[in-house]
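Shown next, in structure tokens, is the structure this report addresses.
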Amino acid sequence: MCLTDENKNEMVVTPWEVRGKVDYERLIREFGTQPLTDELLKRMAEHTNEHHLQLRRGLFFSHRDLDAVLDLNDRGTKFVLYTGRGPSGPVHIGHLVPWILTKHLQDKFDTRLYFQMTDDEKFVVDDESKLADMTKFGYENALDLIALGFKPEKTFIIFDVQDIDLLYDIALEVAKRITYSTAKATFGFQDSTNLGWIFWPAIQAAPCFIHKKLTGENVPALIPAAIDQDPFWRITRDIAQKLGYYKPAQIHCRFLPGLGEGGKMSASEPETAIFTTDPPEVVKRKVWNAFTGGKGTAAEQKKTGADPDICSVFQYFLYLFEENDKKLTEREKQCRSGETLCGECKKDLTERINRFLAEHQKKREKARSTVDEFHIKR
Ligand code: TYM
């Protein structure tokens, strides 16, 4: 069941809405996923010869069947990766979080990635959206994915509206086996929900199984994504074996927060989100206005220190912009002791984001000439 509540401060985590303070332990319990244990993380590190930043810092915190996928891999049955994007606007740096781990896994396990660009989803779930706009964002968002350095020969982007013929037969097999009552309980559908939306989960399930159709090989899919997408996999896992497939496995990340007080980074609050296309002065303004929870005056902060746990700026160093663990710990200590003031951290973060975006934006433009190589072929 998705967690929904009428109370405004209460946690709501569905594929289409995240609000309130997210309690990740509670999500593990209520979604019925497994915590990513130290033992499993160690196993991952042994496979990849690296303890990836997002894993060692606990940004990925939960999974389903990751251990089973590694067992199969050890016995010679590889896996494919699957993830995606609902292109309702430009990509923000929160979206990059699961894609960065996906790229790491592609590199280390030398495996295929199926990437679903869901212009159809974003059209049906938003009353105001126009299909042509969503499709256009789909192509623009693909540039961000490519800019991260995925391998063209192993990456297959499915642009849903254009490529629906590849998914439709699988989606029908899936849809036939999921009742409306299950879908309603899982996604909270109402009498007023349109039919396109109600059918949608079958289309998001389909790429879990596309590899067999394209290659004849039956291997599991491993899906890196934030925890909001989990309800899709719950219903897909229930019917996978009936259709002769492995249950799709997942590895779930936390949400990169927005620059405001609490809440995940969300495109619907553009002043607290950093988009990959933002120019330097816009990044500077947004970071400058970020919530840090710092004290009222410099003198007070020097005396009592501040709290990095509630500071949005610190979270960006943790998730993306400080690779070096020692330096991160140092920053944290200096914040708590009052040695570093919020203005310094904001200045550092602005520089780091702008350095990253300058490179990313160059690669993004270059990707315009290679996007066809990544588009799934028949
Ligand atoms: P979308 O476009 O909402 O999100 C794309 C991916 O980004 C993750 N995400 C975040 N991760 C960290 N911090 C955040 N603040 C944050 N916000 C979003 C999402 O979990 C997702 O992994 N229906 C999907 C598209 C889709 C898909 C998939 C996603 C189709 N097939 C398979 C993941 C896996 C969507 O609208 O994603």
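The values are calculated or read from the model by the stated rules, or taken from the named source; none is laboratory data. All of these numbers come straight from a predicted model, not from anything done at the bench. Backbone-built Cβ (ideal geometry, glycine too); neighbour counts: all protein chains shown. Side chains included, ligands, DNA and RNA excluded: accessible areas come from the protein's heavy atoms. Shrake-Rupley method; radii C 1.70, N 1.55, O 1.52, S 1.80 Å.
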(request) Rank Ala298, Ala221, Ala142 by mean-square fluctuation in a GNM of the chain with C-alpha springs under 10 angstrom and give only the top-ranked residue. (result) Ala298
(message) Under 10 Å, Cα contacts only: if you run a Gaussian network model on the chain, which one of Gly84, Gly76, Gly94 comes out with the highest mean-square fluctuation?
(response) Gly76
(message) Going Cα to Cα from Lys122, which lysines come in below 16 Å? Please leave out same-chain ones fewer than 8 positions away.
(response) Lys130, Lys136
(request) Using +1 at the Cβ of each Lys and Arg and -1 at the Cβ of each Asp and Glu in the stretch 120-185, identify which of Met134, Leu166, Val124 lies farthest towards the dipole's positive end. (result) Leu166
(message) Suppose R0 equals 45 Å. What FRET efficiency, 1/(1 + (r/R0)^6) with r the Cβ-Cβ distance, do Lys213 and Glu25 give to the nearest 0.05?
(response) 0.75
(message) Can you tell me what percent of all Cα-Cα pairs in the chain are more than 28 Å apart?
(response) 46 percent
(message) If you fit an axis through the alpha-carbon atoms of helix 131-147 and take the longest principal axis of the Cα set of the chain, what angle between them do you get, 0 to 90°, nearest 10?
(response) 70 degrees
(message) Using 0.36 nm times the number of residues separating His47 and Ala267, minus their current alpha carbon distance, what extension gain do you get?
(response) 75.7 nm
(request) Pick out which of Arg43, Arg364, Arg234 has the largest mean-square fluctuation in a Gaussian network model of the chain, springs linking Cα atoms closer than 10 Å. (result) Arg43
(request) On the protein heavy atoms, probe 1.4 angstrom, tell me the percent of accessible surface of the stretch 16-139 carried by carbon and sulfur. (result) 47 percent
(request) Mind scanning Lys151/Lys212; Lys176/Lys213; Lys108/Lys213 and naming the pairs with a C-alpha gap bigger than 22 Å? (result) Lys108/Lys213
(request) Subtracting the Cα-Cα distance from 0.36 nm times the residue separation, let me have the gained length for Lys78 to Arg177 in nm, one decimal. (result) 32.9 nm
(request) Sticking with the crude label model, points 7 Å out along Cα→Cβ, report the distance from Gln162 to Asp307 in nm, one decimal please. (result) 4.9 nm
(request) With only Lys, Arg, Asp and Glu charged, each at its Cβ (+1 for the first two, -1 for the last two), find how big the charge dipole of the chain is about the Cα centre; round to the nearest 20 debye. (result) 680 debye
(message) To make sure I understand the rule: partners must be lysines, Cα under 24 Å from the Cα of Lys347, and not fewer than 8 residues away in the same chain. Which ones qualify?
(response) Lys264, Lys284, Lys286, Lys295, Lys302, Lys303, Lys326, Lys327, Lys333, Lys362
(request) Could you pull out the GluC sites (Glu not before Pro) across the stretch 333-365 that fall in loop regions by DSSP (anything but H, G, I, E, B) with no more than 15 other Cβ atoms inside 10 Å? (result) Glu339
(request) Percent of Cα-Cα pairs per 5 Å bin, from 0 to the last occupied bin, for the stretch 235-378, please list those. (result) 2, 9, 14, 16, 14, 13, 9, 8, 7, 4, 3, 1, 0, 0
(request) Please give the direction-averaged projected area of the C-alpha convex hull for the stretch 147-299, in square nanometres with one decimal. (result) 13.4 nm²
(message) Can you give me the accessible area per residue for the chain, using a 1.4 Å probe, in Å²?
(response) 46 Å²
(request) Please work out how much length the chain gains when fully extended from Asp133 to Arg368, using 0.36 nm per residue of separation minus the C-alpha to C-alpha distance, in nm with one decimal. (result) 82.8 nm
